[in-house]
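One structure below.
Every number here is computed from the coordinates shown, using simple stated rules; none is lab data. Computed from a predicted structure; not experimentally measured. Every residue, glycine among them, receives a Cβ derived from its backbone with ideal geometry; neighbour counts consider all protein chains shown.
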């Protein structure tokens, strides 16, 4: 079935700079579908994203085993979320840079390097938070205190 221009469920946009016409469905649930597609792409194509997901799962399992308090879970959840968000933003920035600058460009490299540095900083902070949050209860549980 073909949709008309007047159909309020479908909105078309003409991106004048690229000449690409994009049609998408409006709706609250469509946003979740698009977000799911983005997550699937990141998991399928980004080795570092999979690594960070694995590290997050390990931290969660350790937190469950140690029965850490609710406040520690909040710090852990925010830190895990920050690292995963930074990894997604890094992937988005790299994709965008590749789109607008297919040939080598020192500014494109700078953008990619800066995004990678942002992920690195978030990962280092997450290690510190993990050590502070999980370290003392782990030390006690192992009988070293």
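Which residues in the stretch 106-120 have a backbone N closer than 20 Å to a point placed 7 Å from the Cα of residue 55 along the Cα-to-Cβ line? Under cut-off, by backbone N: 112-120. If the segment from residue 96 to residue 118 were pulled out straight at 0.36 nm per residue, it would be longer than the present Cα-Cα gap by 6.3 nm.
Based on Cα contacts under 8 Å between residues 6+ apart, the stretch 46-141 shows a relative contact order of 42 percent. Length gained on full extension, residue 71 to residue 111, computed as 0.36 nm times the residue gap minus the Cα-Cα distance: 10.8 nm.
Scoring 28-37, 64-73 by mean Cβ neighbours within 10 Å over their residues and listing the highest first yields 64-73, 28-37. Each eigenvalue of the Cα gyration tensor of the stretch 46-141, multiplied by 5 and square-rooted, gives one semi-axis; in descending order these are 34, 11, 9 Å.
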